[in-house]
Amino acid sequence: MELTDLIISAAKIGGLIFAVILPMVAYSVWAERRVSAIIQDRVGPNRVGVPFTKIGLAGLGQPIADGIKFLLKEDFTPGHVNKFYYWLAPALTMVPALLTCAVLPFGSELFGEKMVIADLSVGPLFIFAIASLSVYGIVLAGWASNSKYPFLGGVRSSSQMISYEIALGLSLVPVLLIFGELNLGAIVREQSENGWLLLPLWGEGAIWNGGVDRLLLLFPALIAFVVFTTSIFAETNRLPFDLPECETELVAGYHTEYSSMKFALFFLGEYAAMIIGSGLIVTLFFGGWSLPFGWDAMLMGDATEVPWWLGLIHIGTFFAKVTGFILFFIWVRWTLPRFRYDQLMKLGWIVFFELALLNVFITAGILILTRSN
Amino acid sequence: MAIVVQRPKLTLAERCYLPALAKGLRITLAHAVRILRRKKKVTMQYPEERWDSEMPEHYRGAPALVTDEHGRERCVSCQLCEFICPPRAITIVPEEIPAEDRWAKVEKRPKEFEIDMIRCIYCGMCEEVCPEQAIFLRKDYAITGTSREEMVHDKEKLYEIGGVREGLVNKWNELK
Ligand code: SF4
Ligand code: SF4
């Protein structure tokens, strides 16, 4: 690898992770608090702005103040914990969440550079492999804390993960069948040209251009979407599936014994996972960075390379879609009560598993019928 | 004997949960929209907006001492309030009024009168028990300080809050 490649990769990592994802994590916490407030007829944090002035900025300074507070709080390690794993666990929840964004295409091209950190041809597989590591963080936290509530939280988390990971993986198989492709960048390009998976209204995907298959495939795609989204909720430990945390039963679940920045890592890891999950949903079902109705091709004209302004528009589109999904996540959280544990297991094993499996066959059947010539 | 509780029969729509989910989302969205369009207001932006104008007559805020129309302290240092005060917030050091004073026949007055506002529970017992109508609960509620010492109101402060009350005051206000 040449030095310039290295520099470009480093710039992409720095730009995406440190300049976009981490601030987004911080601000989705703020969004969560504001949205929950307006849903519950409250106001939410609306004061913190520029320090030492009266400029409020609708509370946009809150995440920074929170961050400083987390850093300054006493980092207390109880005497009865297993120190090594206790220290390892918070990192293990945050790191996989950030690692997975390496394969997410967050834009088309900028100055001829593909806007994805690692253009792997096994994108979704990579994400599943890494994302399931984050459960170890929770299990280890539960185990290392050496106290019963975190332990129960850890146990719940592992059984929840097992039941949802299967549905999560299986629900994606139809999508991959439809695109015949495992590279997320290629999947998005295909959607940009021929219609999003859930909105096939232009290009070859449109019904008037002979896209009958895409119309039929809308049904399995919708099932895949519902199963996948729900599983992402479970995967990110968010309500209605936040059973490992479950403060009404388990104090604070797996992070009961944690304080200060270690707790913050768990907390922020959840939000990072939510952002990556939203990014994945957007990439697979809603055309990633692409604009709807074939506007990409229109704006491109007959240029061979994506002009820089279009590249920026694409990046903006991607993050706008992701933001929309984050708001949806938050909205669901403040609407639904937590599932009972047996309901959750039943949903995972009896409903989603079968549904996802069936969906694979439905999709394959439709594909054979429509594309076999 | 065991009682068999009949579970309600759920319809298919209820069992597949998604319609209920949509309904729930609609309710929360309606709340959010109502707040965003400022149709409904629940929270008061406290330091800027205050409730003072709507404060009821019987509001029990900080206790304070008052002087009468002649500028005399009404308190005669009988210490009844000190004894009745449930959390023992009041400390009084009485003193004799010197013979040359205009009010010498009153005999006694407080040398020091302190109310510890960290202890005070705003019960109003002191006001109720006072035979001279010298102590009243005012509408001040934002009692703050940066140290414990600052939170102890001395005589000067109590008169400052209390001010002057003239004539007989209807102390047996039913509402208090
Ligand atoms: S209001 Fe109650 S607690 Fe406060 S000083 Fe008077 S008697 Fe004591
Ligand atoms: S305030 Fe009233 S009750 Fe208390 S010592 Fe003075 S006269 Fe007596």
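Per-structure values
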read-out: Gaussian network model of chain B, Cα within-10 Å springs - most flexible of B:Glu160, B:Glu127, B:Glu14; value: B:Glu14
read-out: Amide H partners (placed H, <5 Å) of A:Glu113, local residues excluded; value: none
read-out: Inter-site label distance for B:Arg72 and B:Ile3 at 7 Å from Cα along Cβ, in nm; value: 7.1
read-out: Lysine-lysine proximity count for the stretch B:1-114, Cα under 29 Å, sequence distance 8 or more or distinct chains; value: 4
read-out: For chain B, cysteines whose Cβ has no other cysteine Cβ within reach (under 4.7 Å); value: B:Cys16, B:Cys75, B:Cys78, B:Cys85, B:Cys120, B:Cys123, B:Cys130
read-out: Choice from B:Ala134, B:Ala104, B:Ala13 with maximal GNM fluctuation in chain B (Cα, 10 Å cutoff); value: B:Ala13
read-out: Debye, to nearest 20: dipole size of the stretch A:240-359, +1 on Lys, Arg Cβ, -1 on Asp, Glu Cβ; value: 180
read-out: Among A:Ile55, A:Leu3, A:Leu184 - extreme Cα towards positive end, dipole of the protein assembly as shown, charges at beta-carbon; value: A:Leu184
read-out: Buried area at the A-B interface (accessible, heavy atoms, 1.4 Å probe, summed, Å²); value: 1400
read-out: Cut-off under 5 Å, modelled amide H: who pairs with B:Val152 long-range; value: B:Met117
read-out: Per residue, in Å², the accessible surface of chain A once ligands and nucleic acids are set aside, probe 1.4 Å; value: 45
read-out: Table column - 3J(HN,Hα) (Hz), the stretch A:250-256, Karplus curve with 6.51, -1.76, 1.60, x for Gly and Pro; value: 10, 6, 9, x, 5, 9, 4
read-out: Rel. contact order, % - alpha carbon contacts under 8 angstrom, at least six apart, chain B; value: 26
read-out: Spin-label model distance (nm) - A:Leu71 vs B:Ile27, 7 Å beyond Cα toward Cβ; value: 4.3
read-out: Cβ-based charge dipole, the stretch A:226-353, positive-most Cα from A:Phe233, A:Phe285, A:Met345; value: A:Met345
read-out: Loop-resident sites, the stretch A:51-126, for GluC sites (Glu not before Pro), counting at most 14 other Cβ within 10 Å (DSSP); value: A:Glu74
read-out: At least 50 Å² accessible surface lost relative to isolated chain, residues of the stretch A:28-68 (1.4 Å probe); value: A:Ile38, A:Ile39, A:Asp41, A:Arg47
read-out: Area of A:Leu6 that stays accessible when all protein chains are in place (1.4 Å probe, Å², to 10); value: 90
read-out: Partner lysines for A:Lys83 [C-alpha distance under 23 Å; skip if fewer than 8 residues away on the same chain]; value: A:Lys73, A:Lys148, A:Lys262
read-out: Solvent-accessible area lost in complex, 40 Å² minimum, residues of the stretch A:331-370 relative to chain alone, 1.4 Å; value: A:Trp331, A:Thr335, A:Leu336
read-out: In sequence order, calculated HN-Hα J values of the stretch A:218-227 (Karplus, 6.51, -1.76, 1.60; Hz; x Gly/Pro); value: 4, 5, x, 5, 5, 4, 4, 4, 5, 5
read-out: Contact order relative to length of the stretch A:1-72, as percent, for alpha carbon pairs under 8 angstrom and 6 or more apart; value: 19
read-out: Protein accessible area in the stretch B:53-171, 1.4 Å probe - carbon and sulfur %; value: 47
read-out: 1.4 Å probe accessible area per residue over the stretch B:53-171, in Å²; value: 59
read-out: Rounded to the nearest 10 Å², the accessible area of A:Trp334 at probe 1.4 Å; value: 80
read-out: Protection proxy ranking of A:228-239, A:249-260, A:343-354 - average other beta-carbon atoms within 10 Å, highest first; value: A:228-239, A:249-260, A:343-354
read-out: P(r), alpha carbons of the protein assembly as shown - 10 Å bins starting at zero, rounded %; value: 3, 13, 19, 19, 14, 10, 8, 7, 4, 2, 0, 0, 0
read-out: The stretch B:72-176: chymotrypsin sites (Phe, Trp or Tyr not before Pro) falling in loop per DSSP and having at most 10 other Cβ within 10 Å; value: B:Trp172
read-out: Extreme residue, positive dipole direction of the protein assembly as shown, given options A:Leu216, A:Ala129, B:Val93 (C-beta unit charges); value: A:Leu216
read-out: Distance from the stretch A:123-193 to the stretch A:241-279 (C-alpha centre basis), Å; value: 16
read-out: For the stretch A:262-269, 3J(HN,Hα) per residue [Karplus equation, 6.51 cos²θ - 1.76 cosθ + 1.60, θ = phi - 60°, Hz, x = Gly/Pro]; value: 5, 4, 4, 5, 4, 4, 6, x
read-out: Computed accessible area, A:Lys83, all protein chains, 1.4 angstrom probe, square angstrom; value: 100
read-out: For chain A, built as a Gaussian network whose Cα springs stay under 10 Å, the top-fluctuating residue of A:Ala19, A:Ala97, A:Ala356; value: A:Ala19
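The values are calculated or read from the model by the stated rules, or taken from the named source; none is laboratory data. Not measured: the values here are computed from a predicted model. FYI the Cβ positions are ideal-geometry reconstructions off the backbone, even for glycines, and counts take in every protein chain you see. Remember, those area values only see protein heavy atoms, side chains included, never the ligands or the DNA or RNA. Shrake-Rupley method; radii C 1.70, N 1.55, O 1.52, S 1.80 Å.
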